[in-house]
1. Among the residues of region 67-78, are any modelled with pLDDT of 90 or more and among the hydroxyl-bearing types (Ser, Thr, Tyr)?
2. Residue by residue through region 110-141, note down the ones that are in a strand (DSSP E or B) and either exposed (fewer than 14 other Cβ atoms within 10 Å of the Cβ) or among the hydrophobic types (A, V, I, L, M, F, W, C) (or both).
3. Regarding region 157-178, can at least one residue be identified that is under 30 Å from PRO109 (Cα atoms), in a loop (DSSP other than H, G, I, E, B) and modelled with pLDDT of 60 or more?
4. Here is a list: ALA182, ALA135. Which entry is modelled with pLDDT of 90 or more and among the small types (Gly, Ala, Ser)?
Amino acid sequence: MGSNKRVKEEEKPKGKGKEKEEPKKEEKKKPEIRRDIPRLIIRVAGTDLDGEKPVVRALRKIKGIGVVTSFAICRVANINPNVKLGSLNEEGISNLEGAVKNPAKFNLPAFILNRRKDPATGADMHLTSSDLDTAKKFDIMRYIDLKTYRGWRHMLGQPVRGQRTRSSFRHGDGTVGVIKKAVLQKPGAAPAAAGAASPTIAKPEADKTTAAPAAAKPAKK
């Protein structure tokens, strides 16, 4: 009997403890990011590129990169130029951005770079987007400070490379050419219609009755 009571007493607290246990909360699963979906916009070198275009065409939107440079960057970065830009993985995009920012590091030939033998450093480099605009601005300021011919032409707002300025690069002036008579008319007069004959003014004829008779010529002997 004593053993049966002990068993019952031991079973009671166990049952109460089970009732006190709180139900476990279900953990919310985080949504998985799918990498197989092509992205529509990809940012490379500070420029938003269209992910639906091939890589070689999308890169041309970056200022400072043309057709030849884009093909060369795809080749040194080991990327198929005809693949859509949005289908590249993170590693491919990082390689592409590294080749755009520093193509000389990937042994790109110097004739493709747009800033060879920089005056400050003497190195061959390739500038894009805002860096290209800043370098161009400082180059013009350097020409102006040195008072070179190109600097003077920049200051005067005239073409720098020897173009003729008779009919082009004119600001606020009229066109060069023959001035028509319609332009030279008085401001109050109505302009003549195109193709209409100009009015002719008849000359006054001399009055035959009032005119003095001409002197008779002397007869020849």
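The values are calculated or read from the model by the stated rules, or taken from the named source; none is laboratory data. Bear in mind the structure is a predicted one, so any value in this text is a computation, not a measurement. Here the Cβ is made from the backbone with ideal geometry for all residues, glycine too, and neighbour counts use every protein chain on show.
1. Scanning region 67-78 turns up at least one residue that is modelled with pLDDT of 90 or more and among the hydroxyl-bearing types (Ser, Thr, Tyr).
2. MET125
3. Checking region 157-178: at least one residue is under 30 Å from PRO109 (Cα atoms), in a loop (DSSP other than H, G, I, E, B) and modelled with pLDDT of 60 or more.
4. ALA135
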